[in-house]
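A quick write-up on the structure given underneath.
The values are calculated or read from the model by the stated rules, or taken from the named source; none is laboratory data. Every value quoted in this text rests on a predicted model; they were computed, and no experiment measured them. Note: areas computed on protein heavy atoms with side chains; ligands, DNA, RNA excluded. Shrake-Rupley method; radii C 1.70, N 1.55, O 1.52, S 1.80 Å.
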Amino acid sequence: MNKCLSTEPEASKKEVMTVVSGALTVQLPDADNWIRYGAGDAFEVGANASFKVKAEVDTAYFCTYE
């Protein structure tokens, strides 16, 4: 399991991840299915939550905390 969520103060904020290049396949909290997000796509994870992510190709992404 890979999670961008940290134990820093940002962990108490919603996390928005945007795929810059490549693709991420993500299993969001409480979900059974996996969703593929490509370049330009974004997804949100609620505060204090974790998720699973797979990168099957070279991928760049960034996280913001709101």
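Would you check the accessible area of GLU56, probe 1.4 Å, heavy atoms only, in square angstrom rounded to 10?
In the full protein context, GLU56 sits at about 130 Å².
Which ³J(HN,Hα) values, rounded to whole Hz and listed in residue order, are derived for the stretch 52-60 from phi using the Karplus coefficients 6.51, -1.76 and 1.60 in 6.51 cos²θ - 1.76 cosθ + 1.60 with θ = phi - 60°, glycine and proline given as x?
So the J values, rounded to whole Hz, are 9, 9, 10, 10, 8, 9, 4, 9, 10.
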